[in-house]
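Worksheet: one structure, shown below.
The values are calculated or read from the model by the stated rules, or taken from the named source; none is laboratory data. Predicted, not measured: the structure shown is a model, and the values here were computed from it. We place every Cβ from the backbone using ideal geometry, glycine too, and count neighbours over all the protein chains shown. Surface areas here come from the heavy atoms of the whole protein model, side chains and all, with no ligands, DNA or RNA. Shrake-Rupley method; radii C 1.70, N 1.55, O 1.52, S 1.80 Å.
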Amino acid sequence: VTDAGDPGAIGLLARYRRLLETTRQLASTLDLNALLNQIVQAAADLTDAEAASILLYDPAKRELYFDAATNLTAPLMRGLIVPVESSLAGWIMTHNEPVVIADTQVDPRHFSGIARQTHITTESMLGVPLMVKERPIGVLEAINKLHGQFDAEDVDLLMALGAQAAVAIENARLFQQSDLISELVHEIRTPLTSLNMAARLMQGEASAAGRAQLVAIVAEETNRLGELTTAFLDLARLESGRAPFQVQAFAVAEMLAECVQLMQGRAAADQMTLTIEVAPDLPRLRGDRDKLKQVILNLVSNAIKYNRPGGAIRVQAVLEADEWRLTVRDTGVGIPEESLGRVFEKFYRVPGAEGTAQGTGLGLAICKQIVEAHGGQITVASILGEGTTFSVCLPRGEV
Ligand SMILES: Nc1ncnc2c1ncn2[C@@H]1O[C@H](COP(=O)(O)OP(=O)(O)OP(=O)(O)O)[C@@H](O)[C@H]1O
Ligand SMILES: [Mg+2]
């Protein structure tokens, strides 16, 4: 191939060079997010397309969900679910074949739900399956060819990229999980040791009162293991992007009232007051209601756990110029300055917290994942011995 003459040939050489460069990059990235973004960017460049996206497959739900796209923001993507049975992406995956379509609007396999939710029109499309050892993990799509139509070269290039991308995605996922799993195993050891010890002691325990005490320990520790597994699964789902977000517009005041109602009993048992402050006539908030409710519940639960009898907890919602601010303020024990930067880490607990209250150390990590998936931020301010304020800022978005 010479550099003069057919302009398509030059383009092709440059494109293979780009493919090579990308595959080398992919092999060295273990950060799943960065990886997915590199892949979609390269996919759009290589095929001369307006946009590109990756849909990953959730085998439990038989759904595909958007995980990276050059033209969609994270919060928008979270709500985009594509059914396997009635979509082009699903067809590509189940048939394990690339598909080129000049006009998706007239193809009966096209799933029109995405256009409705994103206002993005898809005309031409090229999609290839992502497979790891004959197991489908998702689909890589290039959308709207900029010049002309997708051709055989585009298919070859995207297939080659897809093959590399699938392996890289799988590696990054395994890496992420091994990290999480070793942490989980570590955390499970403590309750297991307590259970084992209680069992041994029970064998030699003669008094009924002594046995009752040991039984109580067993109940408490199994309870803790149960909570740990639930929280861990929640977090693993969020981190791997396997927790689809159901975005809707909802009344904040009602959601907060439900939280307070659920927690009021616990607060009252410790002689604490739990109050809400919400401005009247607030517009509705756009987000995943259940998940944001879980955030507030976690924060209120902490505010009660790390508080003192007679303490006060205030939950507030305000709408500022372009963002929502939900705050949970307590008059509790506070967090020492050196721990403030770490409370959102998985399994982190302020030294000495074990003595105050039971917990897995995952609550705030879960909150952070949820808030950031909404394009928001969660922050903490605290004065030791006086109290703590957690603030959740969420983009106002369009309602
Ligand atoms: N309102 C608060 N006041 C003081 N310390 C807090 C507060 N909220 C959190 N912390 C500290 O941060 C740590 C991490 O909180 P997080 O909610 O992640 O875990 P947890 O409450 O220990 O366990 P879990 O919520 O999973 O049951 C807590 O262990 C506690 O030390
Ligand atoms: Mg907590």
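One table, with the values for the structure above:
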read-out: Residue-averaged 222 nm ellipticity for the chain, from DSSP H runs of 4+ at -39500 (n - 2.57), nearest 500; value: -16000 deg cm²/dmol
read-out: Heavy-atom surface of the range 214-324, accessible at 1.4 Å and reported per residue (Å²); value: 49 Å²
read-out: Those residues of the range 147-176 whose amide nitrogen sits under 11 Å from the label point placed on S240, 7 Å along Cα→Cβ; value: 173-176
read-out: Relative contact order (%) - criterion: Cα under 8 Å, at least six apart; region: the range 279-399; value: 32 percent
read-out: Distance cut-off 19 Å, percentage of C-alpha pairs in the range 301-375 lying past it; value: 44 percent
read-out: Over the range 186-277, relative contact order from alpha-carbon pairs under 8 Å, at least 6 apart, %; value: 21 percent
read-out: Residues with amide H under 5 Å from that of I313, placed H, sequence gap 5 or more; value: T273, L274, T275
read-out: Percent carbon-and-sulfur accessible area, the chain, ignoring ligands, DNA and RNA, probe 1.4 Å; value: 53 percent
read-out: Two-site label geometry, R211 and T190: point separation in nm, points 7 Å out along Cα→Cβ; value: 3.0 nm
read-out: Solvent-accessible surface (1.4 angstrom probe) belonging to E323, in square angstrom, nearest 10; value: 60 Å²
read-out: 10 Å binning of all Cα-Cα separations within the range 1-145, expressed as whole percents from 0 upward; value: 11, 40, 34, 12, 2, 0
read-out: Net length gained if the chain between Q203 and M159 were fully extended (0.36 nm per residue, minus Cα distance); value: 9.5 nm
read-out: Cα centroid of the range 337-399 to Cα centroid of the range 283-329, whole Å; value: 11 Å
read-out: Förster radius 45 Å - calculated FRET efficiency between R135 and V380 (Cβ-Cβ, nearest 0.05); value: 0.60
read-out: Fraction of beta bridges assigned by DSSP in the chain that are antiparallel (%, nearest 5); value: 90 percent
read-out: Net length gained if the chain between Q271 and T356 were fully extended (0.36 nm per residue, minus Cα distance); value: 29.0 nm
read-out: Dipole magnitude of the range 281-399, debye to nearest 20 (Cβ charges: Lys/Arg +1, Asp/Glu -1, about Cα centre); value: 320 debye
read-out: Hz values of 3J(HN,Hα) by residue in the range 103-117 - Karplus curve (6.51, -1.76, 1.60), Gly and Pro given as x; value: 9, 5, 4, 9, 8, x, 7, 5, 9, 7, x, 5, 4, 5, 7
read-out: Residue with peak Gaussian network fluctuation, the chain [Cα springs, cutoff 10 Å], from P98, P280, P136; value: P280
read-out: Modelled label reach - E183, point 7 Å along Cα→Cβ, the range 360-399 residues with backbone N closer than 16 Å; value: 360-373
read-out: Cα-centred dipole magnitude for the range 84-201, charges only on beta-carbon of K, R (+1) and D, E (-1), debye, nearest 20; value: 700 debye
read-out: D_trans [Stokes-Einstein, Kirkwood Rh over alpha-carbon pairs] for the chain, 20 °C, 1.002 mPa s, µm² s⁻¹; value: 89 µm²/s
read-out: Pairwise FRET efficiency - A115 versus L262, Cβ, R0 = 45 Å, nearest 0.05; value: 0.70
read-out: Rounded tilt (10° steps) of 152-204 against the dominant C-alpha axis of the chain; value: 20 degrees
read-out: Label-to-label distance, nm, for residues given as Q41 and L12 (7 Å Cα→Cβ offset); value: 2.7 nm
